[in-house]
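The block underneath contains the structure these notes are about, expressed in structure tokens.
The values are calculated or read from the model by the stated rules, or taken from the named source; none is laboratory data. As the structure is a computational prediction, the values presented were derived from the model and not from experiment. All Cβ positions, glycine included, derive from the backbone under ideal geometry; neighbour counts span all protein chains shown.
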């Protein structure tokens, strides 16, 4: 009986892990699409002599994300995740310009 329970439990874990793997790949695709779009904006900013950083836009992004967030991630997590995404995006924009 114990062995059967462990097998079912591991099967459930593996199913969830496969789901996470699929979601990770989807996130990676979306993150790369986001960065490409931001780099296109960066190229336009460069042509127009505008700075890469736009703190008012970043604040608006954070506010909208937190307002739209259904959870379970809290506001602190949303800020940390998207600050990291934005920081690395700006780093790449600077590198390309």
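Of note:
- Filter result for the condition that a residue is surrounded by 11 or more Cβ atoms within 10 Å (Cβ to Cβ), over 15 Å from the mean Cα position of the chain (by Cα) and modelled with pLDDT of 95 or more, over 81, 41, 61: 41
- Residue in region 53-66 that is in a loop (DSSP other than H, G, I, E, B) and without any contact (Cβ under 8 Å) to a residue 60 or more places away in the chain present: yes
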